[in-house]
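So the structure is just underneath, and the comments pick up after that.
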Ligand SMILES: Cc1ncc(COP(=O)(O)O)c(C=O)c1O
């Protein structure tokens, strides 16, 4: 089969990127506690000469920071960190190392948590969904109405795998953003990223096989392994740089692994990004052993910095990477439109797709294809990323305000979840019950591990727009975390 070439794409820095990059850098100095409340931030002139940008660009950056509530201008004097801003809590440590592959058993706790999703009386900090206000609903509704008025009935016909061609063309075009070169013919459309992962796993592994995954990882990946009878080999994952590749290499040298499933960009729940040289090393390490890599890049477009990170797929020369994603976090979760660029496994994925659901629903595929064709998607993504960066910052500051001293929290550079390490005595599953009773949810740490580790961790979603209701919910959660009932030994029903 022909080798797939890796490709580099260079993005010219626009003024838009420049002022946000400067704002992000100053914001980081504030949230990490380098600049304290009342401190003067660097003067406009100084920053403009330091960064070699115009005064107008720095003023734009400072006005963004003012709108985020981080700094304020004092007439004739300059800009200062606002009172009441506390530095972000420290980051969690590298999690415990992996041991042996294990059959997964997370469904009990996941069911319990997912049952609470959708209850409008509860503040949903558990489910990682973008707020409806962040999604382009009005445009999608208009496009769907127009499609339904078409006389040819195309929206109601089967669209068998590989799926809607105009959509696959748009997906292939957008791959240029992440350094990829995929042809529309190399893509199969799916019902969300979840079906893309499901088909990919089934194409390369079967019951009793072992698949290497990050620890922690997204709970539905664990449930998928559970449902397929596949064992999980949990590899420790760094909260900034992703899967520990030395640990993976060591594991591969002692046991047979059928595949590796990773989220290199804005990992759920850690928010980490594997650096480019890590992605390349991962692809080459697996390539030497002919082990397929399933890459989940669902959050790749939601970067807070100026550049979209590259993907592992962009380093794939041998067709061993099955690249999975969807529009669930950026356009419409309910449309359930995803895809897989399956490399050398394309034929197998395509027939598994046909055998399992025959086709991806046609109308949502047409709607998303038309949305992308019309243009404006990049503008929508820019606005969404800006808003999510703000939500992540506000939630981090709320943890600082409301949670006990010693709480640790990740510093994601994209996506919209925070991974929070609580006092080692806290039992996050019990905390969930108490939180639900007080009208707020979160996702307890054990959902994110095959062996239900991370008992004292929680994942918080920052997808909601900030409001007094969320601030009050965070305050309640903080009180529960700090309260005497949190102690494991003190909980009712425990010996
Ligand atoms: C990392 C990750 N992969 C896959 C999915 C599922 O995506 P979809 O809703 O497109 O099936 C999610 C959903 O939250 C996720 O966080």
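Key figures for this structure:
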read-out: Single residue of the stretch 310-350 satisfying the filter (in a loop (DSSP other than H, G, I, E, B) and over 18 Å from residue 266 (Cα atoms)) that is nearest to the ligand (Cβ to nearest atom); value: 336
read-out: Any chance residue 353 is within 16 Å of the ligand (Cβ to nearest atom), within 20 Å of residue 173 (Cβ to Cβ), in contact with a strand residue (DSSP E or B) (Cβ under 9 Å, 6 or more places away or on another chain) and in a helix (DSSP H, G or I); value: no
read-out: Meets criteria (in contact with a strand residue (DSSP E or B) (Cβ under 6 Å, 6 or more places away or on another chain) and either surrounded by fewer than 23 Cβ atoms within 10 Å (Cβ to Cβ) or not in a strand (DSSP E or B) (or both)) for residue 188; value: no
read-out: Condition check for residue 88: closer than 28 Å to residue 411 by Cα, within 16 Å of the ligand (Cβ to nearest atom) and either in contact (Cβ under 8 Å) with a residue 60 or more places away in the chain or over 22 Å from the mean Cα position of the chain (by Cα) (or both); value: no
read-out: Residue that is nearest to the ligand (Cβ to nearest atom) [pool: residues in the stretch 221-246 that are closer than 22 Å to residue 113 by Cα and without any contact (Cβ under 8 Å) to a residue 60 or more places away in the chain]; value: 224
read-out: Any chance residue 210 is within 11 Å of the ligand (Cβ to nearest atom), more than 30 Å from residue 159 (Cα to Cα) and touching a residue at least 40 places away in the same chain (Cβ under 8 Å); value: no
read-out: Search result, residues across the stretch 30-72 that are out of contact with any strand residue (DSSP E or B) (no Cβ under 9 Å at 6 or more places or on another chain), within 21 Å of residue 400 (Cα to Cα) and part of a helix (DSSP H, G or I); value: 31, 67
read-out: Top-ranked residue in the stretch 278-304 [being within 16 Å of the ligand (Cβ to nearest atom) and not in a loop (DSSP other than H, G, I, E, B); ranked as farthest from the chain's Cα centre (by Cα)]; value: 293
read-out: Breaking point among (1) modelled with pLDDT of 95 or more; (2) over 23 Å from residue 104 (Cβ atoms); (3) surrounded by fewer than 18 Cβ atoms within 10 Å (Cβ to Cβ), for residue 256; value: (2)
read-out: Residue identified as away from the ligand (no atom under 13 Å from the Cβ), under 19 Å from residue 385 (Cβ atoms) and not in a helix (DSSP H, G or I) among 307, 274; value: 307
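The values are calculated or read from the model by the stated rules, or taken from the named source; none is laboratory data. Keep in mind that what you see is a predicted model, and the values were worked out from it rather than measured. No Cβ is skipped: glycine too gets one built from the backbone with ideal geometry, and neighbour counts run over all protein chains shown.
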